[in-house]
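**Q** Just passing along the structure, written as C-alpha cells.
What follows draws every value from the coordinates through simple rules; no lab data is involved. Everything numeric here is computed off the predicted structure, so don't read it as measured data. Counting neighbours? That spans all protein chains shown, and the Cβs are built from the backbone with ideal geometry, glycine included.
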Amino acid sequence: MAGNKGRGRAAYTFNIEAVGFSRGEKLPDVVLKPPPLFPDTDYKPVPLRTGEGEDYMLALKQELRETMKRMPYFMETPEEKQDIERYSKRYMKVYKEEWIPDWRRLPREMMPTKKCKKAGPKSKKAKVTGQGTSLTNPADVLKKIEELEKRGDGEKSDEENEEKEGSKEKSKEGDDDEEDDAAEQEEYDEEEQEEENDYINSYFEDGDDFGADSDDNMDEATY
Amino acid sequence: MEQPRGKTGWTEVTEPGPGRPGFGASDRRPRAAALRLLSTMTQAEIKLCSLLLQEHFGEIVEKIGVHLIRTGSQPLRVIAHDTGTSLDQVKKALCVLIQHNLVIYQVHKRGVVEYEAQCSRVLRMLRYPRYIYTAKTLYSDTGELIVEELLLNGKMTMSAVVKKVADRLTETMEDGKTMDYAEVSNTFVRLADTHFVQRCPFVPATENSDPGPPPPAPTLVINEKDMYLVPKLSLIGKGKRRRSSDEDATGEPKAKRPKHTADNKEPIPDDGIYWQANLDRFHQHFRDQGIVSAVANRMDQTSSEIVRTMLRMSEITTPSNAPFTQPLSSNEIFRSLPVGYNISKQVLDQYLTLLADDPLEFVGKSGDSGGGMYVINLHKALGSLATATLESVVQERFGSRCARIFRLVLQKKHLEQKQVEDFAMIPAKEAKDMLYKMLSENFISLQEIPKTPDHAPSRTFYLYTVNILSAARMLLHRCYKSIANLIERRQFETKENKRLLEKSQRVEAIIASMQATGAEEAQLQEIEEMITAPERQQLETLKRNVNKSINRM
C-alpha cells in the first residue's frame, strides 16, 4: 500500500472514528516496555471451593502422590555417589516389589536382552575371565593365551600380563563379576586392568625388549 | 510429504506411501512428525505432562514420555538415540508407560514397531482423585478401592484386583474380621455392568498354523460385546491381614517382608484377561452431574430429579458422544422415577413440558407417542454450560459491566463498536476500553467484513463476535497453564521448607512410637517443644499454601 508519508500532513489510511478516537484528539502514549509480569488486578479471585468432597479429594491426592513413589513403576534415577557413605542410608532404602510385565502383550523388542548373549571373542574373553575365578590360575592363563592367539599378535604380550594380574585381582574379589552383564563386565575388566598398572600401555612391559632393541640400534651408530 | 487431513483438522497418521524413505532416515522424520503434531499439544500442556509424569513415575519415564509427546510416533532405537538414554532404561520406561495406557505401539512396514504417546491420557492423571471419589459415592469403599487399584496399576486381572482390595479392606476392619472375596467380586461385577471398568484389548488366540516367524508385536483386539464381559471365576477366600512383624516404624528396615515370589506359584484362573478403568464413562458421569445440577439451579429439585432419571435410563443405550439421548416416553420416565418420589403423572407431564419449553433447551420434545417423547439435548446442554462458564469467568475477571457487554455480543452474534455502546447503554469510552481488554485476552474476536475488494481499513466493517469454541479452548489451555504453575510452586515451597518438614515428620514419628510404648505426658510435651513456635507457624503456612495449590488444581 503506497502511502504518502512525509508529504504534507500525515493522514490515516483508515477511518479513525471507527477505532474510537475523534480527529485531532491526543493519542495515548506509546508504551515502551512490556506489560508487568504480575499486574494488579481490580477483581480478586473467588475463594476456593470447600466441602466434604473437596477435602476428601485433597487427602486422596496427597496420598496418591506418596503411594505412586513406592510403586514398582516409579523408576528411580541412580543417585550420584556421595563423598561419605552414610550409615543411615542403608536403613532408609525403601524395598520395592519387582514388577514383571506380561510379555505376551508387548512387542518382542521390549524384552531385556539375555545376559552373555553375544558370541563374539570379546565376550568369550570376559566370560572366561569371570569363570576363571573358580579355576586355578595356571590353567586360566593357558586358556587365555589360546584366546589371545586368536585375537592378534601385536598386543599379546601386554594383554597376557594384564590378564594374569587381572585374574589375580578377580580371584580375590570373588564371583561378583560373573553376574554382571557381558558388555559391562568386559568394560570393567579392561578398566580395572588399565587402572591396576601404573604404567601406560604404550610403554614396554618387560625390561628385556628394551635392552635388546636399544642394543640393536646402538650397534649401528658406534663412533 | 503430503499427509491427508482428517475432518476435524487433525492429521491422520497413515501408512507410509511408496515414495517415502525408510524409517532410518532421521533427517526427514522431523518434518513428518511436525505435520502430525499440528493440533495436539501446546507448550503449556507439554510442560504439565512433564510435571505429572515426573511426579508419578520418575525422571527417566518423564524424559521418554515427553520426548514421545513432542515428536510423535517413533521406533525404539530412535528414542534411545535422541534422548541419550540407555536402551535398557528406554525399554523399562516404555513398559511402564504402556502398562498405564499412556503409550501405544503400532507395527509398521518392514516389522518396525513405533511407539506413540497418548497426550490427552497423560492429562487425565489430574483427575484420578475425582474418579476415585466418584466410585466411592456410587459403590462405597469397595468400589473406591477397586478403581484406585486399577488406576494405580494401569491394568490388572480381576483375580488380582479382588485379592488386593480384600486385603486392603481387611486391614481397615476390626480385629478378627475379614473381607470376603465374594463381596469384592460382586462390586466388581456391578462396576463392569455399569461400564465403569472395561476389559483391555487382548491377544487373540491364534491357531498355530501361522507359518513364518512370530510377528514383532502382538495385535490386540477387543470387540464391543466382550468389553464388559466378566469371566466366570469362583474366587473363594478372605482378605489377609499383613503380619504385625511387617508393620515396622518407617525408619526400620523391612527385612522381614515375605518374598513376593511365593504368591506367583499358583495358576491364575483368568490369566491374560486384563481390566482397566473406563475413563469415558466417568466423564459421562461428570457430564450428567453437571447437567443435573444446572437444571437444579435454574429450576427446582424435582425437575433435576426428572432429568437425572432420564439420563440414568440412557446411560448404557446412548453412546457418550451422541448429540442427544434416545427418545424416552413420558410413561417410561414415570415408571423409572426413584422409589421415594411420588409425583402424579400429570405433574410429571407438566414438568416435562416446562423443561421442553425452557429457552436453554436442555430437554426437547421429539414426538407425541407414549404420552410424549422427550430427549435430552446433550450437545446443546454442554454448550450452554460452557457458555455459562465463560460468562462467569468474564464477570469475575473484568467486572459486571464487561460481563454485560459479553452477554450482549453472545446474544447478538455480531456487533459493531457503535452498536455495542448503544445496546449496552455504557458510555463510549468505557465500552471501548472494556472491549479492547476482552479482545486482548481473546474472549472476544474481531470479524472483518470488507466492502471493497482491496480490504481498505476505512471501508471495512469490523464486527465483534464471540467464538465459543475457541474461547473455551483458550480457557482450558489457561487452566492447564495454571495447574503447571501451581505444581511448580508447590514443589518450590516443599523444597524450601524441606528441613522443617523432615523435622516435623521425625517428631511425629517419635511421638507416635512413644505413645505406643506408653510414655508420660511430660515427655511428650518435651518432644513437641522440639519444634519452636515460629517453626510451627511456618509449617502451618506451608501446609495451607500447599493445600491451596493442590485444591486449585
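**Q** Under the rule a/c < 1.5 gives rounded, and otherwise a/b versus b/c splits prolate from oblate, where does the stretch B:364-454 land using the Cα gyration tensor?
**A** Since a/c reaches 1.5 and a/b is larger than b/c, the shape of the stretch B:364-454 is classed as prolate.
**Q** Going 7 Å from the Cα of residue A:70 toward and past its Cβ, which residues in the stretch B:119-139 have a backbone nitrogen under 13 Å from where you end up?
**A** The answer is none, because no backbone nitrogen lies closer than 13 Å to the label point.
**Q** If you don't mind, another one. Could you list, in their original order, any pairs among A:69/B:155; B:47/B:498; A:44/B:432 whose Cα atoms are separated by more than 27 Å?
**A** Exceeds cut-off: none, every pair is within range.
**Q** Which shape class, rounded, prolate or oblate, goes with the stretch B:406-510 when its Cα gyration tensor gives a ≥ b ≥ c as root eigenvalues, a/c under 1.5 marks rounded, and past that a/b bigger than b/c marks prolate? Show your work: numbers first, answer last.
**A** Working: a/c = 4.27, a/b = 3.27, b/c = 1.30.
Prolate, because a/c is 1.5 or more and a/b exceeds b/c.
**Q** For the stretch B:306-370, what class follows from the C-alpha gyration tensor (a ≥ b ≥ c being the square roots of its eigenvalues): rounded when a/c is under 1.5, otherwise prolate if a/b is larger than b/c, else oblate?
**A** Taking the square roots of the gyration eigenvalues as a ≥ b ≥ c, the stretch B:306-370 is oblate.
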